[in-house]
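Here, each number is a calculation from the coordinates, and none is a lab measurement. Every value quoted in this text rests on a predicted model; they were computed, and no experiment measured them. Glycine also receives a Cβ, built like all others from the backbone with ideal geometry; neighbour counts cover every protein chain displayed.
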Amino acid sequence: MDQCIDDESIFDDAFNSNIKFEKCNGTEVKVNGKNIPEAIKTFTLIEDIPEILLRNIKKKKFTRPTPIQKYSIPIILSGRDLMATAQTGSGKTIAFVIPIIQKLIMDPVTLVKDRNHCEPQVIIIVPTRELAVQMKITISRLTRNTGIFSFACYGGIKVSYQKDQILRGCHILVATIGRLKSFVQHGVITFSSVRIFVLNEVDRMLYDDMKSEIDCILNHFSMPPVMNRQTIMMSATLPEKTRHLAQFYLKKDYLLLTVGIVSSTSMNIKQTFYMVNKFEKRNMLTEILKKDSAGTIVFVKRKWVVDYLVTYLNKNNIPSVPLHSNHLQHHRKIALNNFHDKKTNVLVATDLASRGLDFKCVNHVINFDMPPKIEEYVQRIGRKGKPATQAISTSFFDPNEDYSLVVPLIKTLALANQEIPDWLVKLRQDAKCNDANNVLDQFVGLDIRHVNNSNDDCEEW
Ligand SMILES: Nc1ncnc2c1ncn2[C@@H]1O[C@H](COP(=O)(O)OP(=O)(O)OP(=O)(O)O)[C@@H](O)[C@H]1O
Ligand SMILES: [Mg+2]
């Protein structure tokens, strides 16, 4: 059974803080699956919510839940597996963090730990170290005075320090995959007590390179099987391939929650494109940044180009910092903090910065190089700060490099009511683009279970 709710009522007030939903006319919230729990209307109406958790939510100045939160909180509390998608910046983090904390408070299980190992009860996997840190901060604030301990484990930090912290005991472990694997291999972490497993940015985590690592974790002998754990997956972009793969990690009665159009961009971003060749990009970038550079992220494909551009921009009196994976973690942290604190105007980064990071200071995203996939474009321009305000994105489109994006870009722009450049439409007619036509399929927010097998109720995973 599908429950399809034209949920305008939940957008009709502006939040105290920086999320604006009141103009999302006709935004559709869709839940696929059976026995769907009722959505909540306010945080106070969450069944059995502990007073302390409510107080922590209030301290964060979250006055009312966003649409994804209204639906996902009761779903997760009911114990169902969930695959969910909603636009960038729509509050997906606390959409799963709040019910997880509530479950740990209301149904406590003694934390298993000794001098050599610890058994976290919740594992949250994220693609980058920076996102792990951000998520840990959110969790720490919401678990204040609850007796629930959380920790972020990620590479680039002393293993001995992280090991000590983990052995002190942690209920909720936020982790990047490499460091987690290494702690598991050394027996510092085992999964025997895992109750909830979360894949944040699930489409990124199930990309070809990462999928085998995820499989390695989920196939670990100590990991409870799918029937004995709750599995949650979230992302702002959910291509069809991910929806296919993800089902194999979920119970067959999982719920699929989609808020708005799958993999769409916010209407509050003015998306501008320039057709350029690679030799024109640097001058064009400088020209744009000389007019106004405050709060700009420049996305670049190659790490050496990041460093080169930062040197060049600084020489031209445009204060910039680099972010890519070849830099020491300490330098990555300083660069990000300087940008966050507005000590520097421009962050030049690879796709390391494209996912999940909540940049309040960003009002302009520049794609110096286009990403290889449309999902990364959607994620990148979603890094803009305050959702309620108009932000801009500027993209340098090189037809020789980026032609495979023509069709999905046109679709993305049309969905967000953006102007589609004539040259992009012309390129679409180019024979080169024919192969990309089927990319359109990935925007259809279908429940894969219904596509593949209309009578899949008996199917066992
Ligand atoms: N109910 C709420 N009321 C007000 N602000 C909120 C609420 N929920 C979340 N926020 C804030 O919205 C911002 C974005 O939240 P979050 O990072 O969870 O978005 P997201 O959906 O995960 O985005 P992305 O897809 O980019 O990862 C954060 O600053 C967060 O504190
Ligand atoms: Mg997120």
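Under a crude label model (7 Å from the Cα following the beta-carbon direction), how far is residue 314 from residue 55 in nanometres?
Using points 7 Å along Cα→Cβ, the separation is 4.6 nm.
Once phi is turned into ³J(HN,Hα) by the Karplus curve 6.51 cos²θ - 1.76 cosθ + 1.60 with θ = phi - 60°, what whole-Hz value does each residue of the stretch 29-44 show in order, with x for glycine and proline?
Couplings: 9, 10, 10, 9, x, 9, 6, 7, x, 4, 6, 9, 9, 9, 4, 5 Hz.
With 18 Å as the limit, write out which pairs from 252/373; 34/251; 60/360 have Cα-Cα distances beyond it, or answer none.
Details: 252/373 29 Å; 34/251 13 Å; 60/360 15 Å.
Distance filter (> 18 Å) returns 252/373.
Determine the percent antiparallel among the DSSP beta bridges restricted to the stretch 292-403, to the nearest 5. Don't skip to the end; give the middle numbers.
Numbers: 0 of 16 bridges.
Taking every DSSP beta bridge within the stretch 292-403, about 0 percent pair in antiparallel fashion.
Out of 277, 166, 106, whose Cα points farthest toward the positive end of the dipole of the chain (charges: +1 Lys, Arg; -1 Asp, Glu; placed on Cβ)?
166
Using unit Cβ charges (K, R positive; D, E negative) and no other charged atoms, how large, in debye to the nearest 20, is the dipole of the chain about its Cα centre? Please list the in-between numbers first.
Numbers: 60 positive and 49 negative charges, 428 e Å.
Rounded to the nearest 20 debye, it is 2060 debye.
For helix 129-142, what angle does its Cα long axis make with the longest principal axis of the chain, in degrees from 0 to 90 and rounded to 10?
50
Say the cut-off is 32 Å between C-alpha atoms; which of 59/241; 59/333; 59/303; 136/411; 59/301; 103/270 go over it? Mind showing how you got there, number by number?
Working: 59/241 39 Å; 59/333 26 Å; 59/303 39 Å; 136/411 35 Å; 59/301 39 Å; 103/270 40 Å.
Distance filter (> 32 Å) returns 59/241; 59/303; 136/411; 59/301; 103/270.
Compute the acute angle (0 to 90°) between the alpha-carbon long axis of helix 329-340 and the principal axis of greatest extent of the alpha-carbon atoms of the chain; round to the nearest 10°.
Tilt relative to the chain: about 70 degrees.
Select from the stretch 193-277 those GluC sites (Glu not before Pro) which occupy a DSSP coil region and have at most 11 other Cβ atoms within 10 Å, ordered by residue number.
Listed in order of number, the matching sites amount to none.
With both partners inside the chain, how many of the DSSP beta bridges are antiparallel, as a percent to the nearest 5? Please report the intermediate quantities before stating the final value.
Working: 11 of 60 bridges.
Here the share of antiparallel DSSP bridges comes out near 20 percent.
Once every DSSP H run of n ≥ 4 in the chain is given -39500 (n - 2.57) and the sum is divided by its residues, what mean residue ellipticity at 222 nm do you get, rounded to the nearest 500 deg cm²/dmol?
The per-residue figure over the chain is -10000 deg cm²/dmol.
Distance from the Cα centre of the stretch 250-288 to that of the stretch 172-191, in angstrom?
For the stretch 250-288 versus the stretch 172-191, the Cα centre distance is 32 Å.
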